[in-house]
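Since every read-out is calculated from the coordinates, none of them should be taken as a lab result. This one's a predicted model, so the numbers in the text were calculated from it and none came from an experiment. Cβ sites come from the backbone with ideal geometry, for glycine too, and all protein chains shown count toward neighbours.
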Amino acid sequence: MRRRRFIVHVDIDAFFAAVEVLLNPALKGKPLIVGGLPHERGVASTCSYEARRYGVHSGMALRTAAKLCPQGVFVRGNYQVYQSFSEKFFDVLRRYTPDVEATSIDEAYLDFTRCGRLYASFPDAALALKAQVERETGLSVSVGVGPNKVLAKLATARAKPAGYFEIEPGREEEFLRDVPIDRLPGIGPKTQVVMRMLNIRKVGDLWGLPQSTLHSIFGLGGDEIYLQSRGIDNRPLVSGGDPKSVSRETTFLEDLWEPRLLLAHLAYLCDRLTLALRQGRFYAHIIEVKTRYADFRTEVRRRLLVVPRRDMADVYRIAEELFLELWGGSRLPLRLVGVKASDLTRLKPLSLFEPYSDRPERLGTAMDSVREKFGFGSVLTIREKMLDEVYPKDRDRGFVLKTASLTR
Ligand SMILES: [Mg+2]
């Protein structure tokens, strides 16, 4: 039997409005409408729960909202500020599992199933996540848990606002029976009209209808509704938000074959690469080195790491080995050298296979903060220092092309 999945759906409550209240506590408890001023065209993007009591909802024209709720406080909102809160939010989520699907700026699915080794109890971990998001962002969130995306999202709707609701194994049917039909994701406004005509209001009302009947009324959508009404949803999470790889490469002004100089370039690239990994909070399972010869022939060699890495010393050691394997035999002039990190993970390496020390990591972080203040060149390894000697005035003179890339 397939293992039951543990899917967590997290949604910030009245996100934009909640941020506005956080920035201006005087707005607390007021009917707040974010999206524009009452006389402006446009629509409300978020309303506080107090505003919702007047029948105002997101997507409603501002003028209509102003009529329904004349005492409402209207603000235009600041997307950049919301964006920074959103980043903090996702930052916390990714500490709990690498399987995160962002469905909007304030909403995500998380799959804990693969993290069985990390957590003694998934529900405890989900509750800890909720508390941590609230502590670190200052915003309240609702969390729903179920064996798939549809059920997890329906659980969140039940939990709102600020609650936690888990659909326990075996209780799916009991939970679904009374869920209003329009909460199912497959049910749009047109379908709702037909459902009302058929006197179907709750999910349980659908159970008497065979799949063939739903199919003949709603076509393929009917099959979807049939499955959803029974809590069946095998869709995987789509975690496309993260880069798949990070790479740095240099094309030389003139072809190079002096080993020490090539290794100095390689060290510089590894330094830049690991800085990017630390900034993105990634560890890499694959390190790859690329060489391109004067005749444009290009070779690549990669190493798979059981324990993922992101510290300079380790990544350089691996890159140097790969580079010498590629180039050491021929020692032909090179026009390009590059390093790439892929199969990225945000999970801190566990010491399952070999002892893991965070000392190199702390060294990297310390270097990062010095460089933030005094520039990248303020701390260099001895190898990199050589580039300064060869290209004394401007180290960039040695590089025709510096390519930094993130592939998604
Ligand atoms: Mg929300």
Whole-angstrom gap from the stretch 277-317 to the stretch 107-145, using each part's C-alpha centre: 32 Å
Are any of the pairs K30/K67; K28/K202; K88/K290; K67/K190 more than 24 Å apart by Cα-Cα distance, and if so, which? K28/K202; K88/K290; K67/K190
Taking the dipole of the stretch 111-256 about the Cα centre (Lys, Arg +1; Asp, Glu -1; charges at Cβ), the one of G222, V141, T251 that reaches farthest to the positive side is G222
Under a point-charge model restricted to the Cβ atoms of Lys and Arg (+1) and Asp and Glu (-1), what is the dipole moment magnitude of the stretch 79-173 relative to its Cα centre, in debye to the nearest 20? 100 debye
Global form of the stretch 174-229, assessed from the alpha-carbon gyration tensor, a/c cut-off 1.5: rounded
Provide the net charge surrounding T191, with neighbours chosen by a C-beta distance below 15 Å and charges set as Lys +1, Arg +1, Asp -1, Glu -1. +1
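Among the complete DSSP H segments of the chain, which ones combine at least 18 Å of alpha-carbon extent along their axis with a mean Kyte-Doolittle hydropathy of 0.0 or more? Before the final figure, lay out the partial values.
Values: long enough: 79-96 (26 Å, -0.66); 122-137 (22 Å, -0.18); 259-279 (30 Å, 0.52); 312-327 (21 Å, 0.48); 359-374 (22 Å, -1.06).
Span-like helices, by this rule, are 259-279, 312-327.
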Can you sort R292, R310, R248 by how many other beta carbons sit within 10 Å, fewest first? R292, R248, R310
Just want to confirm a number: the relative contact order over the stretch 11-78, from Cα pairs under 8 angstrom separated by 6+ residues, in percent. 35 percent
Rounded to the nearest 20 debye, what is the charge dipole size of the stretch 15-79 about its Cα centre when +1 sits on each Lys and Arg Cβ and -1 on each Asp and Glu Cβ? 140 debye
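Can you list which of the chymotrypsin sites (Phe, Trp or Tyr not before Pro) found in the stretch 270-317 are DSSP loop residues with at most 10 other C-beta atoms within 10 Å? Could the numbers behind the result be given before it?
On the way: sites: F282, Y283, Y293, F296, Y316; in loops: F282, F296.
When the chymotrypsin sites (Phe, Trp or Tyr not before Pro) of the stretch 270-317 are filtered for loop state and at most 10 Cβ neighbours within 10 Å, F296 remain.
Quick one: compute the contact order of the chain, relative version, from alpha carbon pairs under 8 angstrom and 6+ residues apart, as a percent.
Numbers: 712 pairs, mean separation 57.8, N = 408.
Relative contact order of the chain: 14 percent.
With only Lys, Arg, Asp and Glu charged, each at its Cβ (+1 for the first two, -1 for the last two), find how big the charge dipole of the stretch 174-229 is about the Cα centre; round to the nearest 20 debye.
Working: 6 positive and 6 negative charges, 40 e Å.
Using only the charged Cβ atoms, the result is roughly 200 debye.
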